[in-house]
Amino acid sequence: QLVESGGGLVQTGGSLRLSCAASGRTFSDCIMAWFRQAPGKEREFVSGIRWGDGYTYYTNSVKGRFTISRDNVKNTLYLQMNSLKPEDTAVYYCAVRIGSSIVTNKAGYAYWGQGTQVTVSS
């Protein structure tokens, strides 16, 4: 089970931290990722982390602004989002992939949270 939280309304240039509480299995052999979906658009990859060693990967549009991390004890995934822009407005989802490679295709992820809305006002 994946439960996201932390979304909200923020002004351009502001920050938010999303959380995804995970339960139901161990995650040492998993990739956890954040995706987002804006109205009328496809769900797109934002960032991923290999749970075992913390290796991370970001889509170009968020590099330098977003930071993905995880807490092994709490089994929680985070996304720190700084310098937010209106184009970051979307529903943000966390997802789990069983495996060792971070992939950006949503079809590669078997488990999904319900999503949390992030709205950045201009």
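Restricting the GluC sites (Glu not before Pro) of region 25-122 to loop positions (DSSP other than H, G, I, E, B) with no more than 12 neighbouring Cβ atoms within 10 Å leaves GLU42. Comparing THR26, TYR55, VAL10 along the charge dipole axis of region 3-66, the residue lying farthest to the positive side is VAL10, per the Cβ-charge model.
About its Cα centre, the dipole of the chain is roughly 40 debye, where the only charges are +1 on Lys and Arg Cβ and -1 on Asp and Glu Cβ. Cβ distances below 4.7 Å define possible disulfide partners, and in the chain the cysteines left without one are CYS30. Each residue of the chain gets 90 Å³ once the volume of the Cα convex hull is shared out per residue.
Using only alpha-carbon positions, what ratio does the radius of gyration of region 74-122 give when scaled by 2.2 N^0.38 Å? Mind showing how you got there, number by number?
Working: Rg = 13.0 Å, N = 49, 2.2 N^0.38 = 9.7 Å.
Scaled against compact globular proteins, the figure is 1.34.
Can you tell me the length gained on complete extension of the stretch LYS85 to SER5, counting 0.36 nm per residue apart and subtracting the Cα distance? All intermediate terms of the calculation are to be shown ahead of the outcome.
Numbers: separation 80, 0.36 × 80 = 28.80 nm, distance 1.95 nm.
Answer, rounded to one decimal: 26.9 nm.
For region 66-122, trypsin sites (Lys or Arg not before Pro) are listed when DSSP marks them as loop and at most 16 other Cβ atoms sit within 10 Å of their Cβ; the list is LYS74. Can you give the translational diffusion coefficient of region 1-54 in µm²/s, computed by Stokes-Einstein from the Kirkwood radius over Cα pairs at 37 °C and 0.692 mPa s? Using the Kirkwood radius from Cα pairs, D works out to 248 µm²/s.
Label-to-label distance for THR59 and THR104 is 0.8 nm, based on points extended 7 Å past Cα in the beta-carbon direction.
Laboratory data are not the source of any read-out in this text; all were calculated from the coordinates shown. For clarity, every value in this text was computed on a predicted model and none was experimentally measured. Glycine also receives a Cβ, built like all others from the backbone with ideal geometry; neighbour counts cover every protein chain displayed.
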